[in-house]
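Colleague: I have a structure here, written as structure tokens, and I will follow up with some questions on it.
Rule-based calculations on the coordinates, nothing more; no lab input. In this text the structure is predicted, and so the values were computed from the model without any measurement. Note: ideal-geometry Cβ built from the backbone for every residue, glycine included; neighbour counts use all protein chains shown.
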Amino acid sequence: MGYAEVNGLRLWYEVHGTGRPLVLLHGGYGTTGMFDPILPALTTRRRVIAVDLQGHGRTADIDRPLRYESMADDVAALLRHLNVAEADLLGYSLGGGVALRAAIGHPGLVRRLVLVSTPCRRRGWYPEVLAAMAAQDERAGERMRGTPAYERYARIAPRPEDWPRLWAKTGELLRREYDWSAEVAAGTVPTLLVYADADSIPVTHMAEFFGLLGGGHRDAGGDGADRPVSRLAVLPGLTHHDIVASPALPAVVLPFLTHQVRAPQ
């Protein structure tokens, strides 16, 4: 555990277990601790590198806006700092956007990609979720004092007084339009999309995203030879807020990371 000096940022990271490296990227207002419920399952087979993104957890903010692209560059710089030539990435929600941008911007560093509850364009969220995102600012952060997320932040952040600033900068990020559909369709990194069946993202967008990855266009054939390289999993009985702690998540992630992926014939 410790800090890496990357891109003008003191980036907090933790390493657990042994094996092929797997980078975990948390959701908005979260920390590496967000993955604690599933960490034992993941570390049975993998060397897990968990990161606190800019302004989150133990990583203090710097004078730079929050952007998926710059946070993805931070992750890539961390891997180079650790002499990791290639890693698998698992990102949840906000961290999923960062992981996707890392695969787009640094494809040579990413072996396989797992995106949990992540859209490929801003309009992939339900309208009511977008409205809630648009309302995130310093005042919203002040109202969140006393919540479990705030208590975790206040306990470990280098500057706990930055909590409202984190909300303001995150809100500004979440209000920005983006659509990475063309870059997703042009990508080559094998990807597993994982969603809850009661997620903050409609099933129609899940199918759209999977379609951009080559899925859902034809029957796989009797021997499965025509299946896409990428995969889609929809986990039952879960929501956007509890999927990352569910044992069902590593149960679908680990086989994807372990098994040989066969390209279509």
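Colleague: If Rh is defined by the Kirkwood formula over all Cα pairs and Rg also comes from Cα, what ratio Rg/Rh do you get for region 110-265?
Modeller: Using only Cα positions, Rg/Rh for region 110-265 is 1.04.
Colleague: Here is a further query. Under 5 Å between amide hydrogens, which residues at least 5 positions from Val6 or on another chain qualify, with H placed 1.01 Å from N in the peptide plane?
Modeller: Amide H to amide H, under 5 Å and 5 or more residues apart or across chains, Val6 pairs with Leu11.
Colleague: Using only alpha carbon positions, build the gyration tensor of region 1-58, then give the equivalent ellipsoid semi-axes as the square roots of 5 times its eigenvalues, largest first, whole angstrom.
Modeller: Three semi-axes, in Å: 20, 14, 7.
Colleague: If you don't mind, there's one more thing I want to ask. Using a Gaussian network model of the chain with C-alpha springs under 10 Å, which one of Met144, Met34, Met71 is most mobile by mean-square fluctuation?
Modeller: For the chain, modelled as a Gaussian network with Cα springs under 10 Å, the answer is Met144.
Colleague: Over the chain, what is the percentage of antiparallel beta bridges among all DSSP beta bridges, to the nearest 5?
Modeller: Here the antiparallel bridges make up roughly 30 percent for the chain.
Colleague: Shifting gears a bit: Work out how far the C-alpha atoms of region 207-263 reach from end to end along every principal axis, then list the three figures in whole Å, largest first.
Modeller: In descending order, the Cα extents are 34, 26, 18 Å.
Colleague: Still on this structure, please answer the following. Counting C-alpha atoms alone, how compact is region 56-104: give Rg to one decimal and Dmax as a whole number, in angstrom.
Modeller: Looking at region 56-104, its Cα Rg and Dmax stand at 11.0, 29 Å.
Colleague: Most exposed first by the Cβ proxy, i.e. fewest other Cβ within 10 Å, how do Asp63, Asp74 rank?
Modeller: Asp63, Asp74
Colleague: HN-Hα J couplings of region 56-63 from phi, Karplus 6.51/-1.76/1.60, θ = phi - 60°, integer Hz, Gly and Pro as x?
Modeller: Computed from phi, the couplings for region 56-63 are 10, x, 8, 8, 5, 6, 10, 7 Hz.
Colleague: According to a simple spin-label model (label point 7 Å from Cα along Cα-to-Cβ), what is the distance in nm between Ala207 and His81?
Modeller: 4.3
Colleague: What number, in percent, do you get for the relative contact order of the chain if the mean sequence gap of Cα pairs under 8 Å and at least 6 apart is divided by its residue count?
Modeller: 18
Colleague: Here's another thing I want to ask about it. Per residue, what volume in Å³ does the Cα convex hull of region 180-225 take up?
Modeller: 103
Colleague: For region 1-106, state which trypsin sites (Lys or Arg not before Pro) are in a DSSP loop and have at most 16 other beta carbons lying within 10 Å of their beta carbon.
Modeller: Sparse-neighbourhood loop trypsin sites (Lys or Arg not before Pro): Arg45.
Colleague: Could I ask something else about it? Could you give the length gained on full extension between Ala134 and Asp197, defined as 0.36 nm per residue of separation minus the Cα-Cα distance, in nm?
Modeller: 20.3 nm
Colleague: Convert each backbone phi in region 225-241 into a coupling constant with the Karplus relation 6.51 cos²θ - 1.76 cosθ + 1.60 (shift: θ = phi - 60°), then list the ³J(HN,Hα) values in order as whole Hz, x for Gly and Pro.
Modeller: Couplings: 5, 9, 6, x, 5, 7, 9, 10, 10, 10, 8, x, x, 10, 10, 4, 8 Hz.
Colleague: Residue by residue through region 12-21, which ³J(HN,Hα) values in whole Hz follow from phi under the Karplus form 6.51 cos²θ - 1.76 cosθ + 1.60 (θ = phi - 60°), with glycine and proline marked x?
Modeller: Along region 12-21, the couplings run 7, 9, 10, 10, 9, x, 9, x, 5, x Hz.
Colleague: Then there's this: Given points 7 Å out from each Cα along the Cα-Cβ axis, report the Asp223 to Arg145 separation in nanometres with one decimal.
Modeller: Result for the modelled spin labels: 6.6 nm.
Colleague: Along the charge dipole of the chain, Cβ charges K/R +1 and D/E -1, which of Leu22, Leu238, Gly33 sits furthest on the positive end?
Modeller: My answer, from the dipole projection, is Leu22.
Colleague: Could I ask something else about it? Once you keep just the Cα pairs under 8 angstrom separated by 6 or more residues, what percentage relative contact order results for region 8-166?
Modeller: 24
Colleague: On to the next question. Treating each Cα of region 92-141 as an identical point scatterer and ignoring solvent, apply the Debye formula and state log10 I(q)/I(0) at q = 0.21, 0.22 Å⁻¹.
Modeller: -0.79, -0.83
Colleague: Using only the alpha carbons of region 19-133, determine the length spanned along each of the three principal axes and report them from longest to shortest in whole angstroms.
Modeller: That gives 42, 31, 26 Å along the principal axes, largest extent first.
Colleague: Any idea what the alpha-carbon Rg over 2.2 N^0.38 Å comes to for region 133-197?
Modeller: The reported ratio for this selection is 1.53.
Colleague: Could you work out the relative contact order of region 78-216? I mean the mean sequence separation of Cα pairs under 8 Å and 6+ apart, divided by the number of residues, in percent.
Modeller: With pairs under 8 Å counted, the relative contact order is 29 percent.
Colleague: Under 5 Å between amide hydrogens, which residues at least 5 positions from Arg20 or on another chain qualify, with H placed 1.01 Å from N in the peptide plane?
Modeller: Those lying under 5 Å, H to H, from Arg20 are Arg47.
Colleague: When the chain is treated as a GNM, springs tying every alpha-carbon pair under 10 Å, which of Glu161, Glu172, Glu138 comes out with the largest mean-square fluctuation?
Modeller: Judging by the Gaussian network model, the answer is Glu161.
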